[in-house]
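Please read the structure below before turning to the comments.
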Amino acid sequence: MDAESLTNYITTNLDKLGLRILDCVSQTYDGASVMSGKLSGVQQRIREIVNSALYVHCYAHRLNLIAVDCCKSVLHAADFFAKLQNLYVFMSGSNVHEKWISTQKEMYPHKCVLELKQQLDTRWSSQVLACGIVSKRFDVVLNVLQSLEDDENRNRATEAQSILNGIDLKFVF
């Protein structure tokens, strides 16, 4: 995924679609240096082909970053997403993850197993996906955490208890 390969991919696919790169008047990407780099990023390589193709940082990406920052500035929202991330990290551990999978299979034998999703600041949709999975399998989350409260591994048991205690009325709402 280097700038040269991405530029070739873009120009090749535009050509396949019958769109002339020489008709390009602007280009927009997120802030990743491989895309937006002024010296050798995709935007500079496109400008070498079409000098008038101005680069604008993607407004959808900016809006995403604003939404994430706004949520971080609201105490209850920030706490909720921090707890959600802690839940993801905890459930991703190998022993706990196996329990997460097996409990879903027991409780929802005729449904697909769902994986918890990590939240990424650069993708607001990841927060939406993370919330959706927890909402759909909230009873499984509670079941797994409750079953781990008495785990032989006391660190795991203490963390399960801590996460379970954090799932209060504010978290649910």
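We did not get these values from a lab; they are worked out from the coordinates using the rules stated. Being a predicted model, the structure only gives us computed values, none of them experimental. Cβ coordinates were reconstructed from backbone atoms using ideal geometry, including for glycine residues, and neighbour counts include every protein chain displayed.
Observations on the model:
- Only one residue of Cys131, Cys112, Tyr9 has its Cα farthest out toward the positive end of the dipole of the chain, where Lys and Arg carry +1 and Asp and Glu -1 on Cβ, and that residue is Tyr9.
- Legend: calculated FRET efficiency, Ser92 to Leu22, from the Cβ-Cβ distance at R0 = 30 Å, rounded to 0.05, equals 0.05.
- Here the Karplus curve 6.51 cos²θ - 1.76 cosθ + 1.60, taken at θ = phi - 60°, turns the phi angles of segment 40-49 into couplings of 9, x, 4, 4, 6, 5, 5, 5, 5, 7 Hz, with x standing for Gly and Pro.
- Extended-chain gain in nm, criterion 0.36 nm per residue less alpha-carbon gap, Leu14 and Lys136: 39.9 nm
- Computed from Cα positions, the angle between helix 75-92 and the longest principal axis of the chain comes to roughly 80 degrees.
- Sorting the segments 93-99, 26-32 by their mean number of nearby beta carbons within 10 angstrom, highest to lowest, gives 26-32, 93-99.
- The relative contact order of the chain comes to 15 percent, based on Cα pairs under 8 Å that sit 6 or more residues apart.
- Degrees separating the helix 124-136 axis from the principal Cα axis of the chain, which is the longest one: 30 degrees
- Put in line by how crowded their Cβ is, counting other Cβ atoms within 10 Å and starting with the fewest, Trp100, Trp124 read Trp124, Trp100.
- In nm, spacing of pseudo-spin labels at Arg123 and Lys72 (7 Å Cα→C-beta vector): 1.9 nm
- Nearest-ten-degree value, helix 59-73 long axis tilted from longest Cα axis of the chain: 30 degrees
- Rounded to whole Hz, the Karplus (6.51, -1.76, 1.60) HN-Hα couplings of segment 156-167, x for glycine and proline: 5, 5, 5, 5, 4, 4, 4, 5, 4, 5, x, 8
- Scattering curve values for the chain, log₁₀ I(q)/I(0), Debye with Cα scatterers, q = 0.09, 0.13, 0.16 Å⁻¹: -0.51, -0.78, -0.91
- As a rough footprinting exposure proxy, the listed residues Thr7, Thr122 were ranked by other beta carbons within 10 Å of their own, and the order from fewest upward is Thr122, Thr7.
- Listing Ile66, Ile21 from fewest to most neighbouring C-beta atoms within 10 Å gives Ile66, Ile21.
- This model, with +1 at the C-beta of Lys and Arg and -1 at the C-beta of Asp and Glu, gives the chain a dipole about its Cα centre of some 460 debye.
- Close amide H partners of Tyr29, meaning residues 5 or more places away or on another chain with modelled amide H under 5 Å apart, are Val56, Cys58.
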